[in-house]
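All remarks here apply to the structure that follows.
The values are calculated or read from the model by the stated rules, or taken from the named source; none is laboratory data. Please read these numbers as outputs of a predicted model, since none were measured by experiment. For neighbour counting, all protein chains shown are included, and Cβ atoms are generated from backbone atoms with ideal geometry for every residue, glycine included. When the accessible area is computed, the model is the full protein with side chains, heavy atoms only, and any ligands, DNA or RNA have been set aside. Shrake-Rupley method; radii C 1.70, N 1.55, O 1.52, S 1.80 Å.
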Amino acid sequence: MSLENSQNIIDRIAAHVEEKFKSEGSGHDWFHISRVTRTAQAICQEEGADATLVTLGALLHDIADYKFHDHSLEEGPKQARAIILEVGGDETLADAVASIVAQVSFRGAGVPTPADSLEAAVVQDADRLDAIGAIGIARAFAYGGSKNRLLYNPDVKPQKHANFKDYATDEGHTINHFYEKLLLLKDRMLTGEGRRLAEERHMFMEIYLNQFFEEWGE
Ligand code: ADP
Ligand code: NI
């Protein structure tokens, strides 16, 4: 595919995704998608991945999140594939992007999520970087609030979810989410650049949690 052709596809998909997510309030707003895309492009450059695939994968990674589709992990890749074909991409491109989208989600502390391509690794890392650090903390409490959850309850301990269903249906308080996902992400980064970018954000969450517990009086 020519460079001009892939830029045309990227532009049309970016416009489509921006329109769809403009008014999302669940932590999957257009700004999340656009931060992830920017971070993915930065990691991509360091790691030497394919920029078109990484950009399209990042733009489409939350197109049909499992939380809004009956916990189905198949809807996202399916819709990503259809959109690529709709804007004039070929089957090879559609399959490659769908495969990236299928490999992004975190599925529980006990569930490994390796990537089968450098491009999938880059997009997975970029999405996870947006779940940690100052923005990640804000997103976690925004998500918890949207579900009417407590900030914290010392009696409800974190769990190591052994499968996706247990992880996705857990309704614990938001502080637990740090121990069940956010603090685990640094050591699960798949690229060197992702690992490097995760360090500072991880440290900030640790400082934040120390302060939280100090104020709580534990
Ligand atoms: P992502 O877009 O990073 O893949 P998710 O789709 O899993 O993340 O969730 C969107 C945001 O909400 C993320 O920042 C995530 O950490 C947060 N989140 C997901 N589940 C919970 C939960 N049970 N409690 C608090 N925050 C959550
Ligand atoms: Ni995301």
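If you filter segment 96-107 down to residues that are among the small types (G, A, S) and part of a helix (DSSP H, G or I), you find that the one that is nearest to A162 (Cα to Cα) is A102.
The set of residues in segment 181-218 that are touching a residue at least 24 places away in the same chain (Cβ under 8 Å), over 29 Å from A49 (Cβ atoms) and among the charged types (D, E, K, R) contains only E218. The residues listed here are H28, H61; of these, the one that is of a type outside the set (S, T, Y), at pLDDT 95 or above, farther than 16 Å from G194 by Cα and open to solvent by 10 Å² or more (accessible area, probe 1.4 Å) is H61. Please tell me if A14 is within 15 Å of ligand 2 (Cβ to nearest atom) and under 23 Å from L85 (Cα atoms). No, not satisfied. For segment 18-41, state whether one or more residues are within 16 Å of ligand 1 (Cβ to nearest atom), of a type outside the set (K, R) and over 25 Å from G145 (Cβ atoms). Yes, segment 18-41 contains a residue that is within 16 Å of ligand 1 (Cβ to nearest atom), of a type outside the set (K, R) and over 25 Å from G145 (Cβ atoms).
If the condition is being closer than 16 Å to H16 by Cα, open to solvent by 10 Å² or more (accessible area, probe 1.4 Å) and in contact (Cβ under 8 Å) with a residue 60 or more places away in the chain, then segment 32-58 contributes only T37. Just one of the listed residues (G110, G88) is under 18 Å from Y167 (Cα atoms), of a type in the set (G, A, S) and surrounded by fewer than 15 Cβ atoms within 10 Å (Cβ to Cβ), namely G110.
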